[in-house]
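What follows draws every value from the coordinates through simple rules; no lab data is involved. These figures come from a predicted structure and were not determined experimentally. Here the Cβ is made from the backbone with ideal geometry for all residues, glycine too, and neighbour counts use every protein chain on show.
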């Protein structure tokens, strides 16, 4: 039976997550672990997974002075950062969190901030052998091409060591069982094993995998936990980042469809890690969801729309080519049409903004209708101001509503108006230049 997160019951778990290093192969000023996948930093994917697997405490080893990384870590309960001044290998990095290790835990899991595809279930499987008496458990995969990986060495069915490729002999390099890097250690033994790891290797570094040979020499059992090679892949450059993004998107799309949403062309739809789609939602091709989007039942999202930090109630229609920015709230049956942008605005039940409009810092009352080209002029160059449009109001096409302004319930605004004053309920407002006709003005003239 596959273990589920928190299967270890009352056993306490400390997760040490290694997140130091600039990731120069990313060719970026942004630390590698902060590059986003499905709308959140890859480090956050790792922290969320180990937390779901039962980690009550998270010790994150970071490069000194990385306030940006620390801010991500601070978003997780029970998480603390530990700086690693020098980079002398993975065991050295884990010992940067010595204070967390000394505080004690039944189980210790070592994870990496650049392996965002490891699932909570895999972390739970990794720690499971510790409850059965193993001192160490290593995550390993059968590699199609083992070049570059550390090899997991097994004799008579028992793990004896993990050998880095540069230190391996000819026979060891033919081994295809490879170290994924992640490891679980008995909390009782972890600190003692880590402190005994030396640096007598080709790189002169302190390797975490050397804990395996030390545990074996002490007569302890070491377990191997299998994982698919694709799940164990790390991210070191932009190509691998795109591969990880594709893997996460495939998972999110499948989850959405199994949850009752229809994605007409799934491979063209991009979801965020926290996208919520209700039942009988229809998503047409090339729709992009940024973080913080919740879509109620029976909504239709037409092609080429972009949504971020928006909430849609039931039966809402959006697009095509619509943009919902942060703070957009659409109530039951509201309609947002083509080339419409909504920002920090509530569109109440049954209201319609069907074409070529901008609605920002506003409230559009239930059943109101905004004609094509209507805009709320919310910014005076210094401050943002609010527009309130009452229930059942009708705003004619190509109108500009200069905030702060209120259009009363049931009021009408004539097409092409610039409205600068409040319009009482049930009134008609016309704010445009008077039409002038110059007869025969367009008649050709002889030169």
Given only helices, namely DSSP H runs of n ≥ 4 each adding -39500 (n - 2.57), what is the per-residue ellipticity at 222 nm of the chain, to the nearest 500 deg cm²/dmol? -5500 deg cm²/dmol
Among 236, 383, 199: highest mean-square fluctuation, GNM of the chain, C-alpha pairs under 10 Å: 383
When percent of Cα pairs over 39 Å apart is calculated directly from the model, which label among (i) 25; (ii) 40; (iii) 16 fits? (ii)
With contacts defined as alpha carbon pairs under 8 Å and 6 or more residues apart, what's the relative contact order of segment 207-328 in percent? 14 percent
Of all DSSP beta bridges having both residues in segment 13-232, the percent classed as antiparallel (nearest 5) is 45 percent
How tilted is helix 238-258 with respect to the longest principal axis of the chain? Cα atoms for both, answer in degrees (0 to 90, nearest 10). 70 degrees
Distance in Å, no decimals, from the C-alpha centre of segment 181-207 to the one of segment 286-360 is 53 Å
Treating the angle as unsigned and between 0 and 90°, give the value, to the nearest 10°, between the Cα long axis of helix 120-131 and the longest Cα principal axis of the chain. 20 degrees
Report the relative contact order of segment 238-429, percent, no decimals, based on alpha-carbon pairs under 8 angstrom and at least 6 residues apart. 9 percent
If contacts are Cα pairs under 8 angstrom and at least 6 residues apart, what is the relative contact order of the chain in percent? 9 percent
From fewest to most C-beta neighbours within 10 Å, the residues 90, 300 line up as 300, 90
Among DSSP beta bridges whose residues both lie in the chain, state the antiparallel percentage, nearest 5. 20 percent
Cα-based helix-to-principal-axis angle, 42-52 vs the chain, degrees rounded to 10: 70 degrees
Name the most mobile residue of 118, 437, 197, meaning the one with the largest mean-square fluctuation, in a Gaussian network model of the chain with Cα contacts below 10 Å. 437
Give me 142, 52 sorted ascending by neighbouring Cβ count inside 10 Å, so fewest comes first. 142, 52
Per-residue Cβ neighbour rank within 10 angstrom, fewest leading, 207, 123: 207, 123
